[in-house]
Amino acid sequence: MNFIIITLFGLGITFAAYLLAKVLYKRWTSPFLLPILTATSSIMILLTVFDIPYETYYIGAKWLDYLLGPASLL
């Protein structure tokens with residue numbers, strides 16, 4: 001049960017950060033607000049502020065890493 005919660009936490013934070021960053025980029029188009037840069041920065045800040053180890057976050061986010069790996073090779 002704990003594994004499922006951690007997995008949903010990692011996926012949820014990643015999707016929420018990306019969607020929020022996408023909204024910000026549409027509102028204010030700037031190279032500094034690119035969704036990938038903004039989402040990554042906000043996740044790093046969130047993990048640091050709440051003292052969440054990257055390994056715990058990565059348990060849920062690794063599924064996106066596995067799926068994006070082959071997609072980025074094209």
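The values are calculated or read from the model by the stated rules, or taken from the named source; none is laboratory data. Every value quoted in this text rests on a predicted model; they were computed, and no experiment measured them. Heads up, the Cβs are rebuilt from the backbone with ideal geometry, glycines too, and the neighbour counts pull from every protein chain shown.
What about Trp28, is it of a type in the set (Phe, Trp, Tyr) and modelled with pLDDT of 90 or more? Explain how you work it out, then say what you get.
On the way: of a type in the set (Phe, Trp, Tyr): yes; modelled with pLDDT of 90 or more: yes.
Yes; evaluated as a whole, the condition is true for this residue.
Working only within the stretch 1-11, note down all residues that are assigned to a helix (DSSP H, G or I) and either within 16 Å of Tyr54 (Cβ to Cβ) or hydrophobic (A, V, I, L, M, F, W, C) (or both). Across the stretch 1-11, the qualifying residues are Phe3, Ile4, Ile5, Ile6, Thr7, Leu8, Phe9, Gly10, Leu11. When Pro31 is tested against (1) closer than 17 Å to Leu11 by Cβ; (2) free of Cβ contacts under 8 Å to residues at least 40 places away in the same chain, only condition (1) is not met. Of note, Thr14 satisfies the criterion of being among the hydroxyl-bearing types (Ser, Thr, Tyr), touching a helix residue (DSSP H, G or I) at 6+ places or on another chain (Cβ under 9 Å) and either outside any helix (DSSP H, G or I) or surrounded by 15 or more Cβ atoms within 10 Å (Cβ to Cβ) (or both). Pairing residues of the stretch 36-51 that are farther than 21 Å from Val23 by Cα with residues that are of a type in the set (S, T, N, Q) and assigned to a helix (DSSP H, G or I), at Cβ distances under 9 Å and at least 6 apart in sequence or on separate chains, gives Leu47/Thr56.
Being of a type outside the set (Val, Ile, Thr) and surrounded by fewer than 11 Cβ atoms within 10 Å (Cβ to Cβ) is the filter here; which residues of the stretch 37-62 pass it? Full working, then the answer.
First pass over the stretch 37-62, keeping only residues of a type outside the set (Val, Ile, Thr): 37, 39, 41-42, 44, 46-47, 50-51, 53-55, 57-58, 60-62.
Correct list: Phe50, Asp51, Pro53, Glu55.
The set of residues in the stretch 17-57 that are closer than 19 Å to Leu68 by Cα and assigned to a loop (DSSP other than H, G, I, E, B) contains only Leu34.
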